[in-house]
Structure formats: C-alpha cells, structure tokens
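The values are calculated or read from the model by the stated rules, or taken from the named source; none is laboratory data. Computed from a prediction, not measured in an experiment: that's the story for all the values here. Cβ sites come from the backbone with ideal geometry, for glycine too, and all protein chains shown count toward neighbours. With ligands, DNA and RNA removed, areas are computed over all heavy atoms of the protein, side chains included. Shrake-Rupley method; radii C 1.70, N 1.55, O 1.52, S 1.80 Å.
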Amino acid sequence: GTVSKFDNRGSLIGTFGGGYSGSPESILFDKDGNAYVGSVDGDNDIRKFDRQGNFLAQYNVATEDRGSDWIDLAADQCTIYYTSEGHYIKRFDVCKNTQVSNLNTNPLPSEAYALRILQTGSLLVADTSIIVQLDSFGNVIKSYDAPGENCWFALNLDPDGTSFWSADFCTSNVYK
C-alpha cells in the first residue's frame, strides 16, 4: 500500500505520496516532475503528486477487470493510457478530469497488462498470450512472441529507442 523512493545509488529514501487505496501498481512522471500513481484492489483511482509527494489530485477512472493497472502518459501531457487487466486500453484526460473512450474498439485477445506509448504514437501492450503493437486508432499492427511464453506481463522500452524488454510471468524469462 505504499510507493517507495530510492536515490541513484539504490538506497531507500522513504515512502512517496500517500492516501493510497489498495495497491499502487505503476507510476509515471509528467514533464513538470509530477507523479501519477495507478492502483488496483481498492478505489482503483489514479492519484497525482508533486515532486515532493504532496497530493494534488485524484481521478476516478473507469475500470474493466482490475483497477488502473499499468499507466503511461501521452505526449499531450493530458491523456493517460492504462490497462485494467481486461481486453481494452482505457484512456483518461487528467487536464479535463474526463474519461475518454477506449483506444481499441475490438477486444484484445487476452488480458492486457503493461503498456508503453512509442514516439510514433503507437502502443506496445503485454497482452498475456502475446505482445501487440496498436496504432493510434487501436488497431493491432504487429505482434511479438517467443516460443513457449504465454504469460507476458511486464514491458518497458529500452533507452536505445529501437527495442523493448518484456518478461513472462509464468516462466520468469526476460526478453529484449
């Protein structure tokens, strides 16, 4: 039920923010250094904090199966894309405090977990049985997989800007 902050040497500084309901699951930062924290198993809301961890806002987002699981912020600095361990990519406009329509109109094949927005505006999504790339309209334009891996859960972009890392929850294998 907490978010922990570490320094650049890996030493624990302490907890960050507060007032979480359930389990904080993901965190992102906007260009001003404000933090957004997604959560599951509580009120499922996204919370916003300043750089020091002072509470700024709480967004009551629509959920599917399980909270505001994995979150990422679009280049417009207003639209948060998130998964709810279901078949749709959800969106919320934090500038207008308004729920936006799902990105995809057709359901994804499995339960969506991690997602990351690419510089092109498309998204990578760890969708349990496969990793999919969606265009900015929510259409699947590419898929990625590895033999014997069927529990894609975690996903992050590599700093090289041309590849990504993903982990299979069932086998604990990590791939680049």
Quick check, is residue 143 more than 21 Å from residue 75 (Cα to Cα) and at pLDDT below 95?
-> no
Single condition residue 128 does not satisfy, out of (1) under 30 Å from residue 58 (Cα atoms); (2) modelled with pLDDT of 95 or more | (2)
Is the stretch 3-18 home to any residue that is acidic (Asp, Glu) and in contact (Cβ under 8 Å) with a residue 12 or more places away in the chain?
-> no
When residues of the stretch 151-176 are filtered for being open to solvent by less than 90 Å² (accessible area, probe 1.4 Å) and in contact with a strand residue (DSSP E or B) (Cβ under 9 Å, 6 or more places away or on another chain), how many remain?
-> 16
Any idea which residue in the stretch 103-123 is farthest from residue 75 (Cα to Cα), counting only those that are among the polar types (S, T, N, Q) and open to solvent by 50 Å² or more (accessible area, probe 1.4 Å)?
-> 106
Selected residue (only one of 105, 63, 2 is over 23 Å from residue 130 (Cα atoms) and either touching a helix residue (DSSP H, G or I) at 6+ places or on another chain (Cβ under 7 Å) or of a type in the set (Val, Ile, Thr) (or both)) = 2
